[in-house]
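The values are calculated or read from the model by the stated rules, or taken from the named source; none is laboratory data. Source: prediction; values computed, not measured. Every residue, glycine as well, gets a Cβ built from its backbone with ideal geometry; the counts of neighbours run over all protein chains shown.
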Amino acid sequence: MAGPVASKALLHLATMATNEDGRRKLILLFSIPIALVLLLLMMFAYILASPLSFLAGFFSDPKEMAALQAFRAEHGDKIRLQTGMIILNGKYPMPANGVITSPYGPRIHPVTGKSGFHTGIDIAPEWHSEITSVADGQVVKVGIDSIYGNYLLIRHDYPDETFYSFYAHLSEVIALPDQEVFTGDVVALEGGDPDNDPNPGTSTGHHLHFEIRTNRFAWSHTDPIPYLYPPQPQAAGEGGGET
């Protein structure tokens, strides 16, 4: 049934194409849906490229507009949706006393502006704060990387689990390769300031990039949050920086 119908339609189109008036109708017939598709694609591309500009059209309240503009001034014309609160109830202490400025998971990279996956968490303590080992272990690697800057990798062996903790954007590494460390030992100083710190790596400001890995390789990263418990309350006058 479909075959004869399609054949008749093609024959009709071929007949239309044999005269000038028919060709005009064919051009009009095909140009309208093509134009609509192009218009939809352009709208979709605009929404992806400038979501905040698109969202601005839905705000009429001056306070809402002011909040949107403030967000835009700080983060640019990008948006990252994040739900829920970060709850720390693990059994290992935070490696630094500061605010978590970027959680584990998908995000817009603050330097490249591209979508990607954040393989750890960013913590913003005071500049050059002491970084401590989250558990007893042994230093397995100290190095310098174009992305992570000065970094440190520690292996932790426990009867119920073995994992690795990774610390990056360090202004100074204090622990030595193969050194045995204990929970709370100072192993490095925070860094990552691209203007003032040596080997900051790819960073917009001073902070600690911290990862938990199930083995020594970077691809084995996992969410650090379930491993950690909160730091002690900061004394008056102290506070973490922003990445």
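Descriptive notes on the structure:
- Residue ID - surrounded by the fewest Cβ atoms within 10 Å (Cβ to Cβ), chosen from residues in the range 113-129 that are without any contact (Cβ under 8 Å) to a residue 24 or more places away in the chain and farther than 21 Å from PRO230 by Cβ: LYS114
- Residue check for PRO198: modelled with pLDDT under 95, over 22 Å from TYR227 (Cβ atoms), surrounded by fewer than 18 Cβ atoms within 10 Å (Cβ to Cβ) and under 23 Å from the mean Cα position of the chain (by Cα): no
- Looking across the range 105-123, just one residue is on the phi > 0 side of the Ramachandran plot and in a loop (DSSP other than H, G, I, E, B), and that is GLY113.
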